[in-house]
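The values are calculated or read from the model by the stated rules, or taken from the named source; none is laboratory data. All values reported here derive from a predicted model rather than from experimental measurement. When we count neighbours, we look across all protein chains shown, and the Cβ atoms used for this are built from the backbone with ideal geometry, even at glycine.
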Amino acid sequence: MRRLRKIIEKIVEGVLAMSAAITSITVLLIIIFLFDEGLSIFSKKPVDDDTVIAVNSSNPVSKLTGLQIKDIFDQKITNWKQIGGKNDSIKLFRLDEAGTTFTEQQMGSNFERLAICVDSYVVRTPGVLLYFSSKYIPKDFHGKRIEIANITPYSFLMGKQWFPTAQPVAQLGVLPLILGTLWVTLGAILFALPFGLATAIFMAEIANHKVRNYLKPVVELLAGIPSVVYGFFGLIVIVPAVQKIFNLPVGESGLAGSIVLGIMALPTIITISEDALRTTPRALKEASLALGASHWQTIRRVIVPYASSGITAAIILGIGRAIGETMAVLMVTGNAAVIPHSYFEPLRTIPATIAAELGEAAYGGLHFKALFALGCILFIMTFIINLIFEFIAKKKKY
Amino acid sequence: MAKLSANKVNLFYGDNHALKDVTLKMDANTVTAFIGPSGCGKSTFLRLFNRMNDLIPHVRIEGDIVVDGEDIYSKEVSVDLLRKNIGMVFQKPNPFPKSIFENVAYGMRVNGIRDKHYINERVETSLKQASLWTEVKDKLKKSAFELSGGQQQRLCIARALAIEPSVVLMDEPTSALDPLATHKIEELVFNLKADYTIVIVTHNMQQAARVSDKTAFFYLGELIEYDDTNNIFTKPREITTQNYITGRFG
């Protein structure tokens with residue numbers, strides 16, 4: 001009997017240990033997967049893999065960046081000497097140009113001779129810049145292939161343009177998205193902190209038992225509402241209100257996003273701050289009151305300072321809640337990937353970008369990897385927030 | 001006229017009749033000790049004098065509590081001003097999580113005193129009165145939690161004295177302290193008598209005998225006996241008092 005019980009206990013222990021191990025491994029796998037996919041963007045080029053960019057073999061230019069190619073297409077760069085070549089105008093040659101340069105007879109009815117035409121065109125045109133699908137490039141190509149620079153972390157993080165599917169080159173600058181995320185999060189906290197703290201103080205110190213017992217479930221209920229409902233509420237109520245009050249062309253804006261996120265962060269801020277305020281020892285409150293301090297003075301000078309680290313933790317967790325929120329911001333911020341200059345403009349956050357674009361990004365493609373890299377950035381941001389939270393929560397009291 | 005007096009005071013915590021018909025008068029510049037077993041109501045009675053019982057829900061108080069000839073439970077009395085006049089020292093040292101200086105200055109700050117010079121002076125005087133000055137004068141900006149338990153309790157006394165009360169209530173001020181620290185506090189109580197009226201609740205009968213002029217013995221919410229300390233400890237009138245002070249129960 002005793003033996004059997006021991007064996008069962010061992011088995012239970014084993015199951016528990018295994019659950020813990022599986023959990024840790026899962027978390028680790030997710031992080032590894034995220035970073036593996038995300039970081040591989042830096043070994044990618046901002047053009048499609050099956051696109052060939054080439055020049056005449058006499059052209060000294062052998063490397064171009066994504067931005068230079070975009071400028072050539074936009075005709076901001078029209079001469080090779082602007083990018084380190086000879087003084088010769090750039091003749092862009094794409095599929096469109098092929099249709100007007102060669103006759104159908106030359107290309108063949110099924111484009112079977114197009115490759116030869118392209119090759120000979122490149123050979124006889126010194127100023128050509130070929131931008132062509134690799135299936136029309138002959139094996140014995142006589143032009144010089146241009147090397148396109150990989151995407152660099154700097155251009156990725158500091159780039160101001162987010163056009164992941166743009167032709168000829170994708171513009172992958174995440175700065176507007178990072179700033180949009182921070183901007184709307186900051187707004188949410190500025191909105192939620194005064195309300196949250198006031199409610200927490202009211203609940204912890206001023207409200208009587210009855211009111212508190214009624215208020216606490218209400219606040220907790222607020223945390224249980226699905227975020228899509230908040231988004232819907234924001235879209236139907238807050239967005240039109242913002243548009244009307246501030247007389248904006250569109251109501252979808254950073255402000256609307258901040259308000260919705262602020263409401264969503266409220267329960268976190270209220271419950272955690274209230275708990276922190278409640279931990280103030282009775283002895284301290286009594287000491288303050290016994291010295292002739294009023295209730296309000298006691299709150300301001302003893303209770304709030306005592307709970308300050310808990311309140312800070314509440315703010316940090318509220319930020320964490322707001323920064324990763326997807327659905328609601330997607331619905332109310334307008335999703336314009338531009339660097340925000342005021343709260344009255346549309347903006348776009350990282351989570352909203354991932355949610356909105358992942359469905360249309362080709363699996364394993366540049367856009368797909370860029371979205372994973374965005375996921376990494378978001379992960380790092382929330383990770384830092386959690387670290388700060390841990391640090392503050394563990395910090396010793398005065 | 002008595003400094004502090006209670007007339008037929010009854011107190012109820014909900015249905016619990018915690019104080020029964022207590023009548024007591026205490027003179028200015030004396031030390032009065034309240035003794036009795038745990039739960040006898042002595043602390044509750046003490047806390048009536050600065051209305052600390054107001055903080056507890058469902059408390060009902062009957063009878064009169066008079067300080068300096070004024071009924072402190074009448075509607076016109078400001079509780080904040082009353083508590084400024086009647087300082088309190090608690091069972092466990094409870095300094096604020098602030099610096100030593102700010103702890104002592106707290107009472108002045110909440111009472112609207114802004115004069116820096118005056119505050120500095122009062123902090124020094126109070127710390128001297130609490131015989132803590134020489135130990136802390138070089139580290140006034142340090143956290144009060146860096147002090148030992150006995151020093152913290154003397155800091156709490158200094159904090160109470162800083163707003164110049166006329167009465168100091170002490171609720172078992174040495175129960176959390178070692179004998180040496182206890183001795184210092186007792187000495188302090190003896191010295192403070194000249195300027196303050198002191199009421200001290202204690203579990204320790206030797207302490208009551210050492211520091212007090214008068215002693216009140218409480219038992220089950222009733223004031224059993226109140227007399228000069230000498231009489232209580234040498235020739236108590238009541239048999240319960242005698243049993244308690246000789247250690248037969250408690």
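So the values come out like this:
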item: Residue that is nearest to A:Pro281 (Cα to Cα), among those in the stretch A:205-239 that are loosely packed, with under 13 Cβ neighbours inside 10 Å and either of a type in the set (D, E, K, R) or under 23 Å from the mean Cα position of the chain (by Cα) (or both); result: A:Lys210
item: Residue that is farthest from A:Glu252 (Cα to Cα) [pool: residues in the stretch A:138-183 that are of a type in the set (Val, Ile, Thr) and in a loop (DSSP other than H, G, I, E, B)]; result: A:Ile146
item: Qualifying residue in the stretch A:300-322 (condition: touching a strand residue (DSSP E or B) at 6+ places or on another chain (Cβ under 6 Å) and either closer than 30 Å to B:Val77 by Cβ or not in a loop (DSSP other than H, G, I, E, B) (or both)); result: no
item: Strands (runs of 3 or more DSSP E) enclosed by the stretch B:127-245 - at least 2 residues per element that are free of Cβ contacts under 8 Å to residues at least 60 places away in the same chain and away from chain A (no Cβ under 14 Å); result: B:222-228
item: Meets criteria (in contact (Cβ under 8 Å) with a residue 24 or more places away in the chain and within 30 Å of B:Leu155 (Cβ to Cβ)) for A:Ile238; result: no
item: Boolean, A:Val184 is modelled with pLDDT under 90 and surrounded by 19 or more Cβ atoms within 10 Å (Cβ to Cβ); result: no
item: Within the stretch B:169-184, considering residues that are surrounded by 24 or more Cβ atoms within 10 Å (Cβ to Cβ) and in contact with a helix residue (DSSP H, G or I) (Cβ under 7 Å, 6 or more places away or on another chain), the one farthest from B:His117 (Cα to Cα); result: B:Thr174
item: Residues (surrounded by fewer than 17 Cβ atoms within 10 Å (Cβ to Cβ) and more than 20 Å from the chain's Cα centre (by Cα)) located in the stretch B:202-226; result: B:Leu220
item: The stretch B:101-130: number of residues that are among the aliphatic types (A, V, I, L, M), within 21 Å of the chain's Cα centre (by Cα) and more than 26 Å from B:Lys3 (Cβ to Cβ); result: 2
item: Whichever residue in the stretch B:29-52 is in contact with a Ser or Thr (Cβ under 7 Å, 6 or more places away or on another chain) and surrounded by fewer than 21 Cβ atoms within 10 Å (Cβ to Cβ) and, among such residues, is nearest to B:Ala194 (Cα to Cα); result: B:Asn29
item: Any hit, the stretch A:96-111, residues being out of contact with any Asp or Glu (no Cβ under 7 Å at 6 or more places or on another chain) and modelled with pLDDT of 85 or more; result: no
item: Subset of the stretch B:58-75 that is more than 29 Å from A:His209 (Cβ to Cβ) and not in a strand (DSSP E or B) - its residue that is farthest from the other protein chains (Cβ to nearest Cβ); result: B:Gly69
item: Restricting the stretch B:41-57 to residues that are farther than 19 Å from B:Phe218 by Cα and modelled with pLDDT of 90 or more, the residue that is farthest from the other protein chains (Cβ to nearest Cβ); result: B:Arg51
item: Residue selected from the stretch A:133-151 under the condition more than 16 Å from A:Ser57 (Cβ to Cβ) and hydrophobic (A, V, I, L, M, F, W, C), by the criterion surrounded by the fewest Cβ atoms within 10 Å (Cβ to Cβ); result: A:Ala149
item: Tally, over the stretch B:227-244, of residues that are surrounded by fewer than 20 Cβ atoms within 10 Å (Cβ to Cβ), within 12 Å of B:Gly36 (Cα to Cα) and either in contact with a Leu (Cβ under 9 Å, 6 or more places away or on another chain) or of a type in the set (Val, Ile, Thr) (or both); result: 1
item: All positions within the stretch B:134-187 that are under 16 Å from A:Leu291 (Cα atoms) and of a type in the set (A, V, I, L, M, F, W, C); result: B:Leu155, B:Cys156, B:Ile157, B:Ala158, B:Ala160, B:Leu161, B:Ala162, B:Ile163, B:Val167, B:Val168, B:Leu169, B:Met170
item: Residue in the stretch B:108-123 that is within 14 Å of chain A (Cβ to nearest Cβ), of a type in the set (A, V, I, L, M), surrounded by 16 or more Cβ atoms within 10 Å (Cβ to Cβ) and outside any helix (DSSP H, G or I) present; result: no
item: Residue satisfying all of: in the stretch B:84-103; facing chain A (nearest Cβ under 10 Å) and part of a helix (DSSP H, G or I); farthest from B:Asn191 (Cα to Cα) among these; result: B:Glu102
item: Looking only at the stretch A:298-311, and only at residues there that are of a type outside the set (Gly, Ala, Ser) and surrounded by 19 or more Cβ atoms within 10 Å (Cβ to Cβ), the one that is farthest from A:Ile269 (Cα to Cα); result: A:Thr298
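To keep it simple, each residue is scored yes or no on (1) buried (at least 19 other Cβ atoms within 10 Å of the Cβ); (2) more than 42 Å from the chain's Cα centre (by Cα).
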| residue | (1), (2) |
| --- | --- |
| A:Leu255 | yes, no |
| A:Ser258 | yes, no |
| A:Gly262 | yes, no |
| A:Leu266 | yes, no |
| A:Glu274 | yes, no |
| A:Thr280 | yes, no |
| A:Lys285 | yes, yes |
| A:Ser288 | yes, yes |
| A:Ser294 | no, yes |
